[in-house]
1. Please work out the Kirkwood hydrodynamic radius for segment B:397-551, using every pair of different C-alpha atoms, and report it in angstroms with one decimal place.
2. Sort A:338-348, A:566-576, B:500-510, A:57-67 by the packing proxy (mean of other Cβ within 10 Å over each peptide's residues), most packed first.
3. Let me know the whole percent of all Cα-Cα pairs from segment A:300-350 that are separated by more than 19 Å.
4. Nearest-5 percent of antiparallel DSSP beta bridges in the protein assembly as shown?
5. What percent does the relative contact order of segment B:565-659 come to when contacts are Cα pairs within less than 8 Å and at least six residues apart?
6. Once every DSSP H run of n ≥ 4 in the protein assembly as shown is given -39500 (n - 2.57) and the sum is divided by its residues, what mean residue ellipticity at 222 nm do you get, rounded to the nearest 500 deg cm²/dmol?
7. Please give the average number of partner chain Cβ atoms lying within 10 Å of the Cβ of each residue in A:504-514, rounded to a whole number.
8. What's the Cα-based Rg to Rh of segment B:303-446, Rh via Kirkwood?
Amino acid sequence: MASNGNNSERHRIAHQRLRIIAGHLLNEEYRGTTRIFANDCKAKLTDTNPIVSRTVPRKRQEIMKWNGWGYSDSRFLFNKKGQAEFTGKRYRLSGMIMPGLKDWFEGTFGASLLHKTPATTAVNTSMVQPPSLNEDFIQELKTTGVPFSLDPEDRVFRAHGHCLYEIFSLREGKIGRVPDMVVWPNSHNDVMKIVELACQHNVCLIPYGGGTSVSSGLECPPEESRSIVSLDTSQMNRILWIDEKNLTAHIEAGIVGQDLERTLNACGYCTGHEPDSMEFSSLGGWVATRASGMKKNIYGNIEDLVVRVKMVTPRGVIEKSCQGPRTSTGPDIHHFILGSEGTLGVITEVTMKIRPIPEHKKYGSVVFPNFEQGVACLREVARHRCAPASIRLMDNAQFQFGLALKPQVSSIFTSFLDGLKKLYITKFKGFDPHRLCVATLLFEGPRERVLQHEKQVYDIAAKFGGLAAGEDNGQRGYMLTFVIAYLRDLGMDYSVIGESFETSVPWDRVLDLCRNVKERIVKECKERGVQFPPLSTCRVTQTYDTGACVYFYFAFNYRGLSNPIHVYEQVEHAAREEILANGGSLSHHHGVGKLRKQWLKESISGVGIGMLKSVKEFVDPNNIFGNRNLL
Amino acid sequence: MESKTLYSQRDPSLKKRDDFEDILEERRNSSDLRYALRCYTPVLYKGMTPCKTTILKTIVLQSDQLHYVINQVAKETGEASDIIQEEAVNILEEMAHRLQLSTIRFFAFTLSKAFKTLFQSVRVNEEGIQRLQQAIQEHPVVLLPSHRSYIDFLIMSYILYTYDLALPVIAAGMGKYLGSYFLGMKFIGEMLRMSGAFFIRRSFGGDKLYWAVFSEYVKTMLRNGYAPIEFFLEGTRSRTCKSLTPKLGLLNIVMEPFFKGEVFDVSLVPISISYERVLEETLYARELLGVPKPKESTSGLLKARRILSEDYGSIHVYFGQPVSVRSLAQGRINRSQYNLVPRYIPRKPSEETQGFVNDTAFKLVRKQEENMVLRPWVLIAAILMQNLDGIDSALLTEQTAWLRGLAQAFGAFLDWPGQEPVGKVVSSSLSLHHGLVRVAGGRVQLAQELQETASPKEALFNHAVCVLSCASYRNQILHVFLRPALLALAMDTAATSRKDDVYSSFVYLRNVFSNEFILCPGAMVQDFEEACYLLMKCGAVQILKQDIVVTERGQPVLSFLSGMLEPFLQGYQVVCRYFSEEVSEGLAEKQYIPAVRSFAVKCILSDSIRCYEALSSDLQKNALAALLRMNALRKAKVADQATLKVNKMVVKTLEDTLGGKVPAQKPVLARL
């Protein structure tokens, strides 16, 4: 499938386009590398010529950490000089030094570089329980030719998502219930066979996409006595066809976000769906958890992007018979699939909206004197329905955090400029550096429109005392969301644990909710004996007509605590209660999983639970999809 | 072993309380002027800057809540909304405070002078001040002082100024008729306004607009944390020195911002102001007896300058532990009930919320009671009230010493002067209260002005003034003895010594008196257990598995305790008798107080009772409320007049039960 000489010109163009791909994601040097094997786009292709691009191998542990976030080669560390450094070559921040991080880290958490809490280096396979196998199932599976593995490392890798306690246990070498085997179907038909066999032999199936769950969704129920099979969809990652007339693409559900985007980009298209986890999370996972992308203002959330879904259930395949853009055919069956969190079946193929790659893309940022003004501005932007592709508002603590991640500046001139800017904002404009906050913006579209749009937004911001603070700050803000997950691993190296969680809330309660939840976290930590005040910070990450999505980061130094994870869980629990008491939702996009299911009933009422139960009852009476999420 | 630790935890005598500092001491040694002009820089909530009163008014007038109500009222009345808006502006104008530092400084100066002449000392627990200072910085603070005197809030502001704390804004009642209370004293009213008082009409029942302006005004100040909010839970000055049943309106308002998530928490600070001698002492007794009081006016207050020549002893101000609304509400209030309706639409609090606010109010009043400082005179008054014919002074000394021990065992907050012998303490107390007691020929007796010309009725009232004044001192310590005393009374009235029967009796009495004393609603079992524990601890009773048995040395304790409640028991009986003997068809509610009063006068003059409390309008009102609550009476409208209809059966039963003629009903019935 590799490109050949006579279309090298097209190849070149494709590469050029590739450079536009999620700029915050990729290393600038990537142009010279050969890491990405995007296939040449055959624009008028049919379903006989699917587009493949594989970056996730079956042996995930070959490129990814088994007990932390992301690629094995990319991590934060404090070097011998005590300076923070980000390793690898994949990200813009890779190979850079962040001189401010150490002070921020020590100052914020009261942590010390002298107190390391290193992780176990390798999986202790002897700790992994031997697989409990269903021999009949295996025998029949062998006849289908679907690859599978009983290897402990493969199984451990698929036994967890990225909840704090999951990673913390792995770092300590503690391993609980893990799947008994892993299967890698290659297509929809493979999945049909596997599900059929599972039903026949009463085997528990847990679908696995990108493994980025933060809702305990992938945790194997310890009480499950049947053989658990992890169904890894990562090999089902082809774009089966692109329909340029209707602007749709039919894609296998195992494809991960970055591959999908990169491959479509090569054809001149994008989906525009960019959740923060898009490097690793999969299309099927997005559908199954009702994911949200940062550019939803232009492209929509996953439920807006999906045109048609195919899901294999114990009862057979569920799908719609047409691709009409909207139908009135009773309750939308897609909404049983969206957010089903692997409890009803495996999503195998998705027809999705695509858009031409935007002509122009521009970052921006605005500094506000305080968070209240910032929120008021976002509310106004939402009222005018003129939100750019992305608009996010960080609170002061997160702004400080962002500053700490600023890489070493190369020239005296830029540092001089930075100083001047700071002087202007704090002294001349009278902003209090301990109260100001920053909104980051991303505009996309035709050049003219972007410029016009930009002006409109900055004009509104000015009404709320906002000052434009440059493209650079904006871009760095977005880059942070991709590296922040790596930072948690650094924290854990020095006895700092943390997590993020999110909610959505009506506009009139945004400020109250942010303040109360942050304060609740601080209070709970104090009451539970956390020695140093925690980092408790938030940002507004999405705007809607009637409300916003708020994202919290929470981390603390656990030195002196005998059971840090328990303390952490209690605080997180309290924070969620506070969110609900203040009118926030149970989740905006992370999902319910097992972590939040205790609150589902009060969120959707007893009747609502009953409806979901009866669907489950019909679709999967023997609980083959037994991950026990949601209900 | 386990029960022992449980008991010791709630042993009231082990309660730790702070020490006091006299703030007048420094005033006596340095310049008042310099003090009044000194640099005043209080810490504020989250470093807020204080808000100008005009800005505050603007925020209130522009609030969503007020807009909503204005539009609603406009729709209902058909008036243009800007006319209603105008009305709202006027209401706010009439209500709002105009806190000014210069006025505070003026008061700081004049009050220093006045306090130094009036009082020996003004003592404050500084640890409480420190806690308050901390609380002010963390959350909006509500100050809840007890209310015994006009000068309560002057004292409060004076102390906060002295300690460089944020000055409070104070809710002051305006009287039923505009201008009859403080506002009437035009000049003083304006002065108080400028020292942070804001004025609320006494009754505005159905006036939606008034309520909206008022509640939004209070909530705006609270939400923004501009200043601590101060109000009196009891609603009005207690004329009897007993704490009054708390009013819930303002407490509801200050809690709402927490319920609705507008603030993280609210700190409620109970404050106990105890006077060795209340300035209004005999004034109150006259009021209770319906002897016309001098009209409250500026000139009247000036005449009160006579007061300045008297010695009023010491004042103790105890700032209690701040109480977090958040922790109280934990598990009791489901805040998400406020999430589905816009928060600016006023809604009646749910039953759950009302219950919670009510419980909280009682808790806070009990905190106020607990931290009231009691002087020896209070013990003496309690003894004198059981010896209205006088008592031998040696015996008085002996009994005072005994009662002191009992009070301490029950956790009273006694301020006993150092190592002085009891006799000396008693005699100096007697001399401070020379207006109320006479010592003659080794006997101590309540003062009685004997006027030759007076009719028996006049003589009776003269004596009653003295008795009720003295009773107000006894009342100060009632809360310490209340529960054991109810138990003692229950043991008297119960037919047997069986625990169950005593408990029924206890619950019955507790129910009868729940308007008279501060008894937390629903806390029957706790109160009973507390009473049992205290009596057991002082050796008065033995609690067996099934029975409660009086010990030999317990008899005097029990009879003293039940003697303490005797006047109330008798007073209620008089009211019952009145209804069963004198009322046939019904009684206009307006007639109630004068009618019962003359009935009581008749009874006393005919020597059938000796209970002067029956003359007190406070007791009469409480008894009325109890009778209504217990369905012995009901209110009906007859010819446009609120009329009380009697259920003779119930009244008779109540009378007989209180008289000990029949045992108390089962609690199940009693609760009905």
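The numbers here are math on the coordinates, done by the rules we state, and not lab data. Here the structure is a predicted model, which is why all the values come from computation and not from measurement. Reconstructed Cβ throughout: ideal geometry from the backbone, glycine too, with neighbour counts over all protein chains shown.
1. Working: mean 1/r = 0.0549 Å⁻¹.
Its Kirkwood hydrodynamic radius stands at 18.2 Å.
2. Descending packing order for the listed peptides: A:338-348, B:500-510, A:566-576, A:57-67.
3. Values: 269 of 1275 pairs.
It works out to 21 percent of all Cα pairs.
4. DSSP beta bridges in the protein assembly as shown are roughly 80 percent antiparallel.
5. Answer for segment B:565-659 is 41 percent.
6. Taken over the protein assembly as shown, the calculation gives -13500 deg cm²/dmol.
7. Mean partner-chain Cβ count within 10 Å for A:504-514: 2.
8. My calculation puts Rg/Rh at 1.20.
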